[in-house]
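Since every read-out is calculated from the coordinates, none of them should be taken as a lab result. These numbers were taken from a predicted model, which means no experiment stands behind them. Reconstructed Cβ throughout: ideal geometry from the backbone, glycine too, with neighbour counts over all protein chains shown.
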Amino acid sequence: MVAIPQKVLDLMKKEGTVKALVTSSKTGRPHAIAAGSIGAASPEVMIFGEILSKTSVKNLAENPKATFLIVNGMESYEINCKVKAKLTSGPELDGMNKAIAPMHLHANALWLFDVCCVCEQGANPGAGKKLA
């Protein structure tokens, strides 16, 4: 397994960071969404709370590969992943729903992804460089 570097994990938690999930249908049509329910369960596992995300969920069922884009200002990272599991119950999903309840949101499932690759994507000469 690949571990997300600490600087990327820190950026995910930083206020103002935009987190996006990019999926692709079985025919290769890409679909991107910004989602506040994106995070890391550990340095090796990304998570995504399934909230109002019908196209992304359909794509993940058809094609288990996904990419997360983490952006704050000029700093940006791409995290390539593969679906590990979809949790429709349990303490992990309960924890997410407790966290998002004040926003009057509810996650139907919690998706877990194994991290395959992390790349620099910021506006700098290192853009495209594989970090992990």
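A few points about this structure:
- In the chain, the DSSP-assigned H stretches of four residues or longer account for a calculated mean residue ellipticity at 222 nm of -6000 deg cm²/dmol, using -39500 (n - 2.57) per stretch and the full residue count as denominator.
- Evaluated with a Cβ-only charge set (Lys, Arg +1; Asp, Glu -1), the range 6-120 carries a dipole of roughly 360 debye about its Cα centre, given to the nearest 20.
- 13 Å reach of a label modelled at K130, 7 Å along Cα-to-Cβ, counting backbone N of the range 1-32: 2-3
- Rg in Å to one decimal, and Dmax rounded to a whole Å, for the chain via C-alpha atoms: 14.2, 44
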